[in-house]
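The values are calculated or read from the model by the stated rules, or taken from the named source; none is laboratory data. Computed from a predicted model, the values in this text were never measured in an experiment. Neighbour counts run over all protein chains shown; Cβ positions are idealised from the backbone, glycine included.
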Amino acid sequence: MKKVVKVLLVISLIAFIVNFFTLINQSNPVGPFWRKAGEFIGFGSLIVFVLCAFYLLTSWLIHLFKKTGELKNSKPESQTKTETKSEKIKEKKRWQPVNIILGLIIIGCVLYFSLPHSSFIAILRLIPAAILILTRKNNIFTAIALCLFGLTLFLLPSVDAFLLLVAAVYMFFSALLRMYKVKWHIVIGLAVAVVFGLVGFYTLAIEKMQTFVSESSLVIVREIDDRSDITLSSTGNEADISITFNPRQPIYPIEKGLQKDVDYACRIINKTGEVVIPLDKWPVFKLKENSDSVQRGVFNDADYLPLHTGDYNIQLVRLEKEQGIIVAESDFSVIPYDKQTLAEFVAYLTADNDPNKYYDGYTVKTDKFGVTAWAQTSKGKTISGTVKFFKTNYDGVIEKTPWDSERGFKTNSNGEPVSISSMGGRIPPGIYHFQIAVEDDILADLKLIIP
C-alpha cells in the first residue's frame, strides 16, 4: 500500500506542476472552462499530495515506534501469525454499517438537492457515495476520492457536496487511527467528522457557501426601497457600469443599500413579465460588515444562465420567511455585437502535426490526428458565443455521433487566440464541423474532413 501511496504522491506533484504551467498559466490562451478546470485540478492535486505526504510520515513514525517497542511486546512468532491471520479474515468479512448509512444519506441528498438542477456534476457525486458504501476497510484512497468529489462544492454548492467533505474527514482519521491499531477508530473518526461538520456548517455553509431558495415557496411582493440600489457591470467593477450588454457577455450585479444580516437574492424577468432567471438559480447573500456594496452572482456568462437579445429587468429581492420582497430593480438590454467587431473576428483550425499552418478545412491524412479550433478578436474587444461540433455526410445530411457537443466560448481581450474546441483520435469517416455562432449568426464553419 505504501508503494501505491508513494506513486500517487509523485503523480499529484507532477499534475500540479504541469497544471501550473499550462491551464492556470495566465499567459497561455485557454478557454474559461479549462481555466476553471485547471484551478480545480491544481487544488485537488495539492490536497492529494498533502494527504499522501501526511500518510507516509505517519507510517514512518508508526514503524519507528514499533521498532522501539519490539522487544518489550515480543510474542511467539506462531502466535503472532495466527492472531494476524485471524484479524485479517475477520476484518475482510465485516461490513461497516457507518459507511453504508453515510453513503445512503449522501445519495438521498444528491437526489433531493442537486439532481433537480440537472447537473452532470450532481450525477458524478453518486460515485463516491457508492464507493463509501462498498468500503469495508477504511483507507486513505477512499478518503482522497471523497475529498476530490467533495471539492465540487465550489462548482455546484449543495448539502451533498458538503457531506462528502465531512465523510472524507471521517474516512481519513479512521484510516489513520486504524494504522495505529486503535480499536475504536471508526467511532473516533466519526466524532472528529461530526465536529468538523458542525464547525464547517456555521462558518462555511451559513456565511460563505452559496445557498439557494425556491421561488415557488415564496410570495413575491413589490416594495421598492429608496435606500437600496442594483446596477450592472461587465467586469464586476463599479467603473464599468452599463445597461447594455452583448450575448453571452458576463453580467455582474452590484447591490447597494442592503440591510445587515438579511438574506437577498436576484431574479430576472423579460419585458412581458415572464421570469427567465428565478430565485432558485441565484446564490443567497448577505451584506458584510464595513462594506457599502455587494457583488454576488453572475449571469449571461457563456454557458451559465445565458440570455437572448432583448430587454430585461433585474430585481433585488429581500428574503423574509414566506415572502420575497422586491426592494430594487434595474432595466437592461442584451444587444447584438456591432458589425465592426464581428468583421474583425477570426477563426481557424490547427493540426497537431503542423501547428504553424492555419485551415478553414483540414483533411486528415493519417490514422491518428489531433486538431484544435481557435478564435481571435482584435485587442480590446471580446466576443462570446457558441461552438457546435457535429457531423455530416458528403451530401450535407447531419448524422448523430457520440461526439456531438455545443459549448460557450469567449475570446481574449488582449488580442491573443483562444482555444475553443478540439478533436483527435480515431473517428468514422465524414465531414465534422466546428460551427461558431453568436445568437443566430454563424461566424465560421470550420471543417474536419476524414476520408
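Looking at region 372-416, which of its residues are outside any strand (DSSP E or B) and within 17 Å of Leu342 (Cβ to Cβ)?
Result: Thr377, Ser378, Lys379, Gly380, Lys381, Thr382, Ile383, Thr411, Asn412, Ser413, Gly415.
Of note, Leu124 satisfies the criterion of being closer than 24 Å to Ser214 by Cβ, out of contact with any Cys (no Cβ under 8 Å at 6 or more places or on another chain) and surrounded by fewer than 17 Cβ atoms within 10 Å (Cβ to Cβ).
For Leu153, are the conditions met, namely being surrounded by fewer than 23 Cβ atoms within 10 Å (Cβ to Cβ) and aliphatic (A, V, I, L, M)? Yes, satisfied.
Can you go through Ile241, Ile220 and tell me which one is farther than 22 Å from Lys321 by Cα and either small (Gly, Ala, Ser) or touching a residue at least 12 places away in the same chain (Cβ under 8 Å) (or both)?
Within the list Ile241, Ile220, the selection yields Ile241.
Here Lys357 passes the criteria (1) among the charged types (D, E, K, R); (2) at pLDDT 85 or above; (3) more than 22 Å from Ala302 (Cβ to Cβ) except the one numbered (2). Is it the case that Thr350 is in a helix (DSSP H, G or I) and free of Cβ contacts under 8 Å to residues at least 60 places away in the same chain? The answer is no for Thr350.
Of the residues making up region 421-444, those that are under 13 Å from Phe345 (Cβ atoms) and modelled with pLDDT of 90 or more number 5. Find all pairs meeting these conditions: Cβ atoms under 9 angstrom apart; at least six residues apart or on different chains; first residue within region 176-200 and over 27 Å from Val159 (Cβ atoms); second residue modelled with pLDDT under 80 and buried (at least 18 other Cβ atoms within 10 Å of the Cβ). These pairs meet every condition: Met179/Tyr55. Among the candidates Ala375, Ala343, the residue that is in contact with a strand residue (DSSP E or B) (Cβ under 6 Å, 6 or more places away or on another chain) and not assigned by TED's automatic domain parsing to the domain that holds Ser228 is uniquely Ala375. Of the residues making up region 221-252, those that are of a type outside the set (D, E, K, R), assigned to a loop (DSSP other than H, G, I, E, B) and out of contact with any helix residue (DSSP H, G or I) (no Cβ under 7 Å at 6 or more places or on another chain) are Ile224, Ser228, Thr235, Gly236, Asn237, Ser242, Ile243, Asn246, Pro247, Gln249, Pro250. For region 325-347, filtering for residues that are farther than 22 Å from Ala302 by Cβ and assigned to a strand (DSSP E or B) leaves 7.
One line per residue, one yes/no per condition, for (1) surrounded by 12 or more Cβ atoms within 10 Å (Cβ to Cβ); (2) acidic (Asp, Glu); (3) at pLDDT 90 or above:
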position: Ser216; (1), (2), (3): no, no, no
position: Val219; (1), (2), (3): no, no, yes
position: Glu223; (1), (2), (3): no, yes, yes
position: Asn246; (1), (2), (3): yes, no, yes
position: Gln259; (1), (2), (3): yes, no, no
position: Ile268; (1), (2), (3): yes, no, yes
position: Pro278; (1), (2), (3): yes, no, yes
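Going by what's in this entry, would Ile420 be described as under 24 Å from Asp303 (Cβ atoms) and assigned to a strand (DSSP E or B)? Give the derivation first.
Working: under 24 Å from Asp303 (Cβ atoms): yes; assigned to a strand (DSSP E or B): yes.
Yes, satisfied.
Of everything listed in (1) crowded, with 19+ Cβ neighbours inside 10 Å; (2) over 22 Å from Asp303 (Cα atoms), the single unmet condition for Ser384 is (2). Taking Val438, is it β-branched (Val, Ile, Thr) and surrounded by fewer than 14 Cβ atoms within 10 Å (Cβ to Cβ)? No. On inspection, Lys357 passes the criterion of being part of a strand (DSSP E or B), farther than 26 Å from Ile241 by Cβ and among the basic types (Lys, Arg).
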